[in-house]
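*Asks:* Dumping the structure here so I can ask a few things about it.
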Amino acid sequence: MSLLDRLTAGPADVPRRRTSSREVLILVVTVVGIAAAIVSALSGTRPPGIDTMGTLVVYVTFALAIVLGELYAISAPGLRATAPIATSSAFALAFMLDLPDGDRLPLSPALVLAVIGVGTVAGQVLRCATGRTVSIVEVAGRLLAAGVATVLYRQVHLDPSSVVAAAGHGDHFDPALRALLMLGISLIALLADVVFTTLMHSTSSATNLRRTFIDEVVSSAPLSSAVVVTGVLVALAAVPVGVAALPLFLAPLVFTLFAFRRYAGIRATYLQSIRTLSRLTDAAGYTPAGHSERVAALATALGRELGVSERELLDLEYAALLHDIGQVALVEPIPGGATVLAAPADQRRIENDTVDIVRETGVLDDVADILAHQTTPYRQVRELGERIPLTSRIVKVANAYEDLSAGARGPRARDSALERIYLGLGYEYDPAVVDALQRALAQRDDREGRADAPRTPSGRLVTGRAFTGRLAAARRREATERDR
């Protein structure tokens with residue numbers, strides 16, 4: 001294999017798929033199923049003065065828009081997954097009541113929620129059938145937002161039995177005030193989505209709720225304004241235009257999604273370029289094969305354990321991939337590429353060369369700031385009050401573990417590496433990061449079906465001093481058995 005092949009090969013190379021006839025068939029069956037479900041729902045409820053066929057056309061059109069919106073949901077590194085077309089369509093349906101020629105949709109929130117739910121579930125089924133990923137938390141958050149908007153507008157605001165209608169503030173607003181009301185309800189619904197996803201994501205790790213909430217707001221802000229405005233415009237334009245308002249006002253959002261997908265593709269190519277650059281030390285023999293990617297995977301796991309935001313996780317992954325790139329300036333490679341075993345002066349020289357190379361890109365300044373402190377001892381935080389980014393301390397611990405374990409996954413290699421790291425606990429390494437390392441390793445063992453991690457009789461993970469005590473006792477037992 002040539003040097004170029006070794007640099008560009010890897011699991012990130014995923015061939016582009018073409019839509020198969022099977023996927024088209026599934027889509028057709030889904031469309032027919034949605035239409036049949038809505039016809040069945042309407043067959044027993046025919047409100048006075050409502051054209052059933054016109055109502056059916058509206059519901060089927062919106063359900064299909066939600067299906068396509070869910071099927072082509074977008075995501076990018078550092079940004080939360082979102083389905084703006086589906087969300088805008090759901091908000092528009094929640095706010096739509098009047099149609100041309102004096103027709104009206106049923107006021108019932110249950111029917112609206114049923115259409116939104118069927119469309120959302122069908123979209124996720126199609127995603128699974130076509131090999132796309134599905135995020136249950138994100139989908140549940142979007143359904144919650146649609147439910148909040150529907151209930152607040154159709155039940156609280158419009159229902160004759162509600163407190164608002166009893167006070168004389170029901171469906172008597174002029175168009176400007178009605179538009180402002182819809183915008184306010186949409187923002188409340190999106191806020192409910194953000195709060196829900198924040199709580200769900202925080203339960204999976206030791207995440208700071210405030211930081212996660214801010215990260216969710218920042219991640220969703222770029223498209224939220226377009227989603228809200230589009231949904232309100234479709235609902236208001238339904239009176240003169242009818243259901244044609246949906247494709248008319250969704251068209252600009254669709255073009256925006258094309259631009260976003262292009263941006264996401266650039267970000268993915270950007271990450272692949274960094275991965276390719278990180279393999280340079282592997283190909284040149286300075287580090288073991290796959291070292292930088294193992295460090296990046298472990299550092300990302302530690303970042304999630306410690307509640308690092310998604311944007312910081314992306315910079316952390318970049319920094320971990322490039323943390324050893326400065327070794328290419330060495331005259332002779334370090335044995336095994338283990339910088340943790342090199343002299344402190346050599347570590348700093350490699351660090352400085354790494355930072356200089358990364359800063360030369362002109363677009364990775366935040367990554368360079370992380371790498372500028374990757375060899376700084378933790379005691380300088382404790383004793384001198386120096387501010388070392390948490391991400392730098394994570395890279396230091398992840399690299400030390402991979403260097404000391406030499407990439408081995410067995411229990412003995414793991415325990416030996418942890419023992420060496422615990423010898424520098426509080427001096428070289430941040431104790432909080434080391435505890436996160438042990439939790440991440442235990443979770444990896446659980447995923448791989450191994451039960452090697454030390455635990456108490458109740459199943460609780462042994463960490464900190466208790467771990468070092470057990471490890472020392474095990475070493476003494478081994479030494480006694482050898483003496484016998």
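The values are calculated or read from the model by the stated rules, or taken from the named source; none is laboratory data. As the structure is a prediction and not an experimental result, all values here were calculated from the model. Cβ atoms come from the backbone with ideal geometry, glycine included; neighbour counts cover every protein chain shown. When the accessible area is computed, the model is the full protein with side chains, heavy atoms only, and any ligands, DNA or RNA have been set aside. Shrake-Rupley method; radii C 1.70, N 1.55, O 1.52, S 1.80 Å.
*Asks:* Kirkwood Rh, Cα Rg: Rg to Rh for region 285-448?
*Replies:* Working: Rg = 14.7 Å, Rh = 15.7 Å.
Using Cα coordinates only, the ratio equals 0.93.
*Asks:* Taking all protein chains as present, what is the carbon and sulfur share of the accessible area of region 285-448, in % to the nearest whole number, probe 1.4 Å?
*Replies:* 50 percent
*Asks:* Let me ask you something else. Grab the other residues whose beta carbon is less than 11 angstrom from that of residue 314, score K and R as +1, D and E as -1, and report the net.
*Replies:* Details: positive: 267, 311; negative: 310, 312, 315, 317, 366.
So the surrounding residues net to -3.
*Asks:* What does the net charge come to around residue 324 if you take all other residues with beta carbon closer than 12 Å to its beta carbon, with K and R at +1 and D and E at -1?
*Replies:* -4
*Asks:* Under a plain spin-label model, where a point goes 7 Å from the Cα along Cα-to-Cβ, how far apart in nm are residue 241 and residue 135?
*Replies:* 3.0 nm
*Asks:* Using the Karplus curve 6.51 cos²θ - 1.76 cosθ + 1.60 with θ = phi - 60°, work out ³J(HN,Hα) for each residue of region 381-395 in order, rounded to whole Hz, and write x for Gly and Pro.
*Replies:* Rounded to whole hertz, the list is 6, 6, 8, 9, x, 5, 8, 10, x, 4, 5, 5, 5, 5, 4.
*Asks:* Also: What residues qualify as long-range amide H neighbours of residue 135, i.e. H under 5 Å apart, gap of 5 or more or another chain, H built at 1.01 Å from N?
*Replies:* Answer set, sorted by chain and number: none.
*Asks:* Mind checking which of 378, 362, 392 is farthest towards the positive end of region 338-434's charge dipole, using Cβ charges of +1 (Lys, Arg) and -1 (Asp, Glu) about the Cα centre?
*Replies:* After comparing all options, I get 378.
*Asks:* Would you mind computing Rg(Cα) / (2.2 N^0.38 Å) for region 256-346, counting N as its residues?
*Replies:* Working: Rg = 15.6 Å, N = 91, 2.2 N^0.38 = 12.2 Å.
That works out to 1.27 for region 256-346.
*Asks:* I'd like the distance separating the alpha-carbon centroids of region 359-413 and region 191-263, in whole Å.
*Replies:* Centre-to-centre (Cα) distance: 36 Å.
*Asks:* Continuing with this model, one more query. Round to the nearest 0.05 the FRET efficiency obtained for residue 180 and residue 379 when R0 = 51 Å and r is the Cβ-Cβ distance.
*Replies:* Values: r = 57 Å, r/R0 = 1.12.
So, using R0 = 51 Å, E works out to roughly 0.35.
*Asks:* Probe radius 1.4 Å, ligands and nucleic acids ignored: give me the carbon and sulfur share of the accessible area of region 68-149 as a rounded percent.
*Replies:* Details: 1810 of 2710 Å².
About 67 percent, which is the carbon plus sulfur part of the accessible surface.
*Asks:* Keeping all protein chains in place, calculate the accessible area per residue for region 214-264 (probe 1.4 angstrom), answer in Å².
*Replies:* On a per-residue basis, region 214-264 sits at 48 Å².
*Asks:* Let me ask you something else. In cubic angstrom, how much convex hull volume per residue do the alpha carbon atoms of region 175-283 span?
*Replies:* On the way: hull volume 15.1 nm³, N = 109.
Per-residue hull volume (Cα only) is 138 Å³.
*Asks:* Related question: Send over a whole-number figure in Å² for the accessible area per residue of region 285-448, probe 1.4 Å.
*Replies:* Values: 6930 Å² over 164 residues.
On a per-residue basis, 42 Å².
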